[in-house]
Amino acid sequence: MLVEPRSGLLAAWGNALLAGLVSPDDAALAIVGEDALHRVEGLPGEAGPVGLTLALGRLRGLGATGFRVALPVPGHPLGLSGPPDFNARALEAEEAVVASGVPYGLVPEVSEVGPEGDLHVEVVWRVLPVREAPPADVPSLSEAERELAEALRDATAVLSRLDVAGSGPVAEAAVDAYRARAEGGGGREVLAPGYPPRAVRVLELAQRVGLLVSVAYGSGHGGAVSSSEIAARGAALRPVERVARRAQVAAYNAYVEGGEVRR
């Protein structure tokens with residue numbers, strides 16, 4: 001989880017736009033980030049794909065009051081509420097945005113285009129019907145913060161057992177990146193204006209936990225010398241990774257769940 005999901009950017013900056021804190025153009029620019037192009041297809045009233053600025057304005061005009069994030073993986077439909085077609089597409093992408101106030105969701109389809117050596121990323125957001133129901137397994141910010149504190153301890157303990165510091169230059173570089181990110185405040189780079197400090201804090205901690213998990217997964221065998229120990233490492237890390245994803249969703253969804261984006 002070193003890279004934040006595109007759905008998080010769309011939800012965060014879409015919420016800031018709805019709150020009147022950013023302009024449509026600034027929101028679209030932040031959502032696109034380093035990608036070359038984002039388009040939205042399936043928007044009610046539009047026969048073909050449109051740009052983000054028009055799409056966000058149209059959704060607001062249709063009655064959208066906020067945007068939630070879903071980060072599902074097999075066995076964990078985090079943030080989803082149905083129907084099955086939307087859930088299946090979101091699960092394939094491992095992310096989605098669900099609008100509040102209107103029965104629509106958006107699932108990103110990411111592709112690389114261009115000649116070899118000059119590839120760039122384009123994203124198509126598919127607008128699909130969603131069921132208006134509570135999202136699955138999304139914690140409150142306070143609950144997520146409590147879970148993360150324990151998860152951070154667990155992830156650190158797993159790294160210690162793996163002897164990541166002695167696993168080579170790749171692992172050491174990843175640990176250095178973790179330390180730099182811990183000091184740099186990653187959540188402020190992602191959450192849009194208006195999000196409360198607690199949401200920023202939760203997202204920053206989720207990023208730290210997620211980075212530690214990626215270090216542990218990417219450190220080779222580390223201290224593990226048998227298949228059973230490798231399996232035990234995976235078993236120890238999966239709950240930590242799950243907590244970090246739940247916390248990401250809680251942070252992005254703070255506006256919709258608690259009306260906490262400040263004007």
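Run the numbers for THR156 and LEU29: contour at 0.36 nm per residue of separation, minus the present Cα-Cα distance, in nm.
Once the chain is fully extended between THR156 and LEU29, it gains 42.1 nm.
Which far-off residues, 5 or more places away or on another chain, put their amide H under 5 Å from the one on GLY66, with H placed in the peptide plane?
Amide H to amide H, under 5 Å and 5 or more residues apart or across chains, GLY66 pairs with SER100.
Using the per-residue mean of other Cβ atoms lying within 10 Å as a proxy for protection, in what order, highest first, do the peptides 45-54, 195-204 fall?
Values: 45-54: 13.9, 195-204: 21.3.
Put in order of decreasing packing, that is 195-204, 45-54.
Report the full-extension gain for the segment ALA235 to ALA36: residue separation times 0.36 nm, less the Cα-Cα distance, to one decimal in nm. Write out the running numbers ahead of the final one.
Working: separation 199, 0.36 × 199 = 71.64 nm, distance 3.79 nm.
So the extension gain works out to 67.8 nm.
Evaluate the distance, in nm, between pseudo-label points positioned 7 Å from the Cα of GLU112 and of ARG131 along their respective Cα→Cβ axes.
Calculated label separation equals 3.7 nm.
Could you derive backbone 3J(HN,Hα) for region 87-97 from the dihedral phi with the Karplus parameters 6.51, -1.76 and 1.60 (θ = phi - 60°), listing whole Hz in sequence and x where the residue is Gly or Pro?
Each residue of region 87-97 in turn: 4, 5, 5, 5, 5, 5, 7, 6, 6, 6, 10 Hz.
Each value in this text was obtained by applying a stated rule to the coordinates, not by laboratory testing. Note that the structure is predicted; figures quoted are calculated from it, not measured. A quick note on method: Cβ atoms are made from the backbone with ideal geometry, for glycine too, and the neighbour counts reach across all protein chains shown.
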